[in-house]
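*Asks:* Sharing a structure here in structure tokens format.
Every number here is computed from the coordinates shown, using simple stated rules; none is lab data. Remember, predicted model here, so these are calculated numbers, not experimental data. Here Cβ is always computed from backbone atoms with ideal geometry, including for glycine, and neighbour counts include all displayed protein chains.
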2 protein chains.
Amino acid sequence: MSPGSKQPLPSRDEPPAAEDLEIIEPLCSVFRRKLKSEGLKYTPERAHILDSVIRFDGIFEVERLIEELRKGPLRVSKATVYRTIRLLQEAGIIQRVLFDQEQSHYQLVYGSKPSDLLIRVDTRQIIPIDVPELVAIRAALCERLGLEAKGHRFQVFAIGR
Amino acid sequence: MSPGSKQPLPSRDEPPAAEDLEIIEPLCSVFRRKLKSEGLKYTPERAHILDSVIRFDGIFEVERLIEELRKGPLRVSKATVYRTIRLLQEAGIIQRVLFDQEQSHYQLVYGSKPSDLLIRVDTRQIIPIDVPELVAIRAALCERLGLEAKGHRFQVFAIGR
DNA sequence: CTTGGTGCAAACATTTTGCAGCACA
DNA sequence: TGTGCTGCAAAATGTTTGCACCAAG
């Protein structure tokens, strides 16, 4: 059910790898800026949630996020998780990704990282992919219809060979 | 909320257009064959639901489908609608399509009609599009990963200009 | 004090299920 | 007479909301 079928997350105690630092710092700042700009606070609960989201470093379901949070020392309620997820979306840090017949999944969006996905239907593994051609394709399509493309979603379903 | 924001459906009383006949007949047969193959029955309720689905000829939400059904003389319960939708999916007649923050939508799939979509986020109109290049793109992607593409989903979000 | 944040439980919306009765072979 | 089908209402699921209390400026 979950992406990658429950592979262990990097532990909270390990020092983050160098490439993670590049990610964690800006994201954290983005979130704080967003909160500050609306007179909201960067609380321990919100920090904890963002931290977990980052450690997923990919796609997660709320249920699994809550499960992870429960392992930490700080108890965070479901309500707060959902409220924070909304804030993270508004801040452009995560975005919703939908698959069939399941609960919502969310995906970290670092700046303009690719949001195209390859889903292995046999293993349920989800692999982010980058398909730069899509930008031209969608622009051409919209051009023809007198519209302006604002985004897209591309998911490929595949099986091992 | 609904695709195309509640444009009227073709009435049940109008004779179907020629191109609709080409669609209705095979779909009906496909469904009957599927049912028969499992020892299930083609009941008036199921026929009525398939009929309404066909008249939508595109994308619909369950709520709207139920609303349409209520206008007919035959009362069909929500439970039966959901049960029939599952059968129609199994028969490959419709498929689920998900958008953000809404209830499930379903889409007629006549054989191999395109399932790529352009969604006008300003008017919420949904326009089916055909992007043949995607087949090659997804094949190339999977080739590189040693996988086999089995399908894809492509949705473009756009606004008027 | 005032503002915002939290947890809890209740509310909600959508979809699924259990069950009693119905219809047809 | 058994099998499947239906409607209804209850249950289940995922998400949101109302509320009382807490915390920081």
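*Asks:* Quantify how strongly other chains surround peptide B:86-96 by giving the mean number of their Cβ atoms within 10 Å of each of its Cβ atoms.
*Replies:* Counting Cβ atoms of other protein chains within 10 Å of each residue's Cβ and averaging gives 1.
*Asks:* Now for a different question. Taking θ as phi - 60°, what are the ³J(HN,Hα) couplings along segment B:145-161 by the Karplus curve (6.51, -1.76, 1.60), each to the nearest whole Hz, with x for Gly and Pro?
*Replies:* Result, ordered by residue: 9, x, 10, 10, 6, 10, x, 7, 9, 9, 10, 9, 9, 9, 10, x, 10 Hz.
*Asks:* Based on the Cβ-Cβ distance of B:TYR42 and B:GLU63, what FRET efficiency does E = 1/(1 + (r/R0)^6) give at R0 = 25 Å, to the nearest 0.05? Write out the running numbers ahead of the final one.
*Replies:* On the way: r = 25 Å, r/R0 = 0.99.
Efficiency for this residue pair is about 0.50.
*Asks:* Other chains near A:123-130: what is the mean number of their Cβ atoms within 10 Å of each residue's Cβ?
*Replies:* Working: counts 0, 0, 0, 0, 3, 0, 6, 1.
That works out to 1 on average.
*Asks:* What nm value, rounded to one decimal, do you get for the distance between A:ASP51 and A:GLN125 when each label is placed 7 Å out toward the C-beta?
*Replies:* Between A:ASP51 and A:GLN125, the label points sit 3.0 nm apart.
*Asks:* Now for a separate question. Charges on Cβ only, +1 for Lys and Arg, -1 for Asp and Glu, centred on the Cα centroid of segment B:115-161; of B:LEU145, B:ALA158, B:LEU134, which one is farthest towards the dipole's positive end?
*Replies:* B:ALA158
*Asks:* Residue-wise, which Karplus ³J(HN,Hα) couplings in Hz belong to segment B:118-128, taking 6.51 cos²θ - 1.76 cosθ + 1.60, θ = phi - 60°, and x for glycine or proline?
*Replies:* 10, 10, 7, 6, 7, 9, 6, 6, 10, 10, x
*Asks:* Sorted from fewest to most neighbouring beta carbons within 10 Å, what does the list A:VAL81, A:VAL156, B:VAL135 look like? Before the final figure, lay out the partial values.
*Replies:* Working: A:VAL81 19, A:VAL156 26, B:VAL135 11.
Least crowded to most crowded, the residues run B:VAL135, A:VAL81, A:VAL156.
*Asks:* Right, here's the next one. What is the residue of chain A with the smallest Cβ distance to the axis taking A onto B, and what is that distance in whole Å?
*Replies:* Nearest Cβ to the rotation axis, residue and whole-Å distance: A:LEU98, 2.
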